[in-house]
Amino acid sequence: MGEPDVSVVVVHGTGTQARGETLTEWVEDVLRFTDVQGRRGAPTEVTELAGQDAPAAATVAVGQPGSGHDPVVQDPAVRLRIVEAHWADAFTAPTPGDVLRWLLWFAPSFAVTQMVLEARGTVTPTTADAPPRGSARVRQLRPFAPVYAIALGLVGLALLGPVLVLAVLVLMVSAAVPAAGVRNVAATVLGYVSQNVGDVQSFLIRQVARARMEARVCRVVAAEVRRWGADRVHVLAASQGAALTHAALLRLPPENRPARLTTVGGAHGRLHDIRTLPPPAWTRVPIVLTGLVWLFAVPLLGALGVGGAAAVVLSVTVLAALSLAVAASRRLDAFAGRHDEGRQAGAPTAPLPSPGTVPGVAWLDMWASFDAVHNGRAVAWPGPAYRFVLVPGQMQVLGDHLSYGEDWTESVPRILRHLTGHLPEPARLGAPRGVRARADLEDPDGTGSNWTPWAGRDWVALALRVLPVAAAVLALVTPWREEYRQLGERVAGLHPIVSTLVDGATGLLNRSLHLFGPAEVSATGAVEAMLGLVLGLLLAALVGGAGTAMFRIATRTEATAWARSLDDPPVRRWSGTRWTVVGAVIVGLWAVLLAVVVAMVVAVD
């Protein structure tokens, strides 16, 4: 079938991925973009997974521009060999005690350390050789840093930590219950937590397990380099796989290293921070006190009342966070003092921990604005060996880390161009820039270290994402109990079956109150009020989500036109005037929908 033009070694992140799963996902992500671009693409060679010791691999052939309607790829413009370096089964799962130790101590300590790191050092130049136009200041990578980082870290420490601790404790107790079904469910959930925490713990603590994981990556990369040559080999790694790959490439001899590396949502910075900035032993005290206060929040509520219990819990949590922040600041100061001689000329901040670059490898480091896993800053000053790119992503704190391959408007084009940018046309795929283009990017060709500032559409998208949640919260907190009850009564009167169900639920609720509650309490009207509240929440979500849906349709339409113009320059993007017209249409349609919903609610009477 012919030799590949590029061999891409894909390395997965933390999790329980099956062999071949990461390969399949990246093949589908590549084909999704080539299909939108109007090029026919198809896998032509796929390895059998059963009974094979060789890594899972597939060859993807991509046709010439305009070949999207061809039945098969007859004249491929480029062949991509995609090989998987699978390491998910190459580590020892931690014990429940290890999981608790991680969640109780390392996780909250490191959360606060990241707050301090981002508040003190989340800045970097926007280009490789010059400051922003007309100013010597540097720009922050995130639109909300450092306030965003501090707020998110405090919320995570105050809420997520105790919840995780309680969940693990419940699971450990459930695992001992003499019921096979309960024990099996608890063991499954605890095993999943252990698997994901164990990957990180193995990287930091279990040196033998880490060496085993790195060996998987080294073996596949070295084999591809020896077979095809370094210039044809590219490594694409995600999350913790990026940290493993970075270490593996440093270990490899220079002649076995690939020419290019792309990392998405890489954990190399975070894991390096944990290793070089370990929390001191005394930090266990405020963390344990915080956990105890949250675990005994209910008894405190009964003894001190709502105000007193809230004051105690919040005071202890804030004091714990402040003490951890002081510890993190002292560790950073000590690090800066030891490495002050390494500060680069013109650097605006003291040196921060960094794993550094890989000599001889051109590295593209990419992350999304809301990705909570990545290190939050460039690991090196930009240059030929390293450039970073910040993409807007999907604006999902939990989802962005897992959706780089699905982001075909910003992430995938850059990845494909980094893969094939050294090839002649028409073998080059993707683009150095995504859909967004602004004059202040200062790097129109996308060849330097660049970042993607939020455009107007990103602020609109963020507002639209918040709108359904805000509408639902407003529906919950407004004192409209009587209005909700009346709406529920109207809905119940629409059909005899609905009325019968409401009467039955009211009777059941009354009997429960008479058995377990005060005798003078009645459930009359409560079911109607709950029914009206649920209907109000659904309508609020409908109205709020409609604007988001229409906006996504508009952005996808522009992105499709942009992708199809890549092979037929000039590249086409919507003008500001067109976006203004489209926005006016969306607002008009949304207002009509809101009026229809209001009219329907009124007409129920």
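No lab work stands behind these numbers, since they all come straight from the coordinates. Keep in mind that this is a model prediction, so the values were computed, not measured. As a convention, Cβ positions derive from the backbone with ideal geometry for all residues, glycine included, and neighbour counts pool all protein chains shown.
Stretching the chain fully between ALA591 and LEU250 yields a gain of 117.0 nm (0.36 nm per residue, less the alpha carbon separation).
Annotation for ALA180 and ALA211: the two label points, set 7 Å from Cα along the Cα-Cβ direction, are 4.2 nm apart.
Distance from a point 7 Å along Cα→Cβ of SER565 to each backbone N in segment 411-425: keep the residues under 20 Å and list them by number. Only 411-414, 417 pass the distance filter.
Scoring 308-314, 255-261 by mean Cβ neighbours within 10 Å over their residues and listing the highest first yields 255-261, 308-314. Placing a pseudo-label 7 Å from each Cα along the Cα-to-Cβ vector at GLU28 and VAL46 gives an inter-label distance of 1.1 nm. The calculated FRET efficiency for ALA463 paired with VAL581, based on their beta-carbon distance and R0 = 22 Å, is about 0.70. Around the Cα centre of segment 198-287, unit charges on the Cβ atoms of Lys, Arg, Asp and Glu (plus for the first two, minus for the last two) sum to a dipole of about 200 debye. Full extension of the chain segment joining ARG572 with ALA599 gains 5.6 nm, where the gain is 0.36 nm per residue of separation less the Cα-Cα distance.
Its Cα gyration tensor gives segment 1-64 an equivalent ellipsoid, and the semi-axes of that ellipsoid, as √(5λ) in whole Å with the largest first, are 22, 15, 10. With +1 on the Cβ of every Lys and Arg and -1 on the Cβ of every Asp and Glu, and nothing else charged, how large is the dipole of segment 18-77 about its Cα centre, in debye rounded to the nearest 20? Using Cβ point charges on Lys, Arg, Asp and Glu, segment 18-77 gives about 180 debye.
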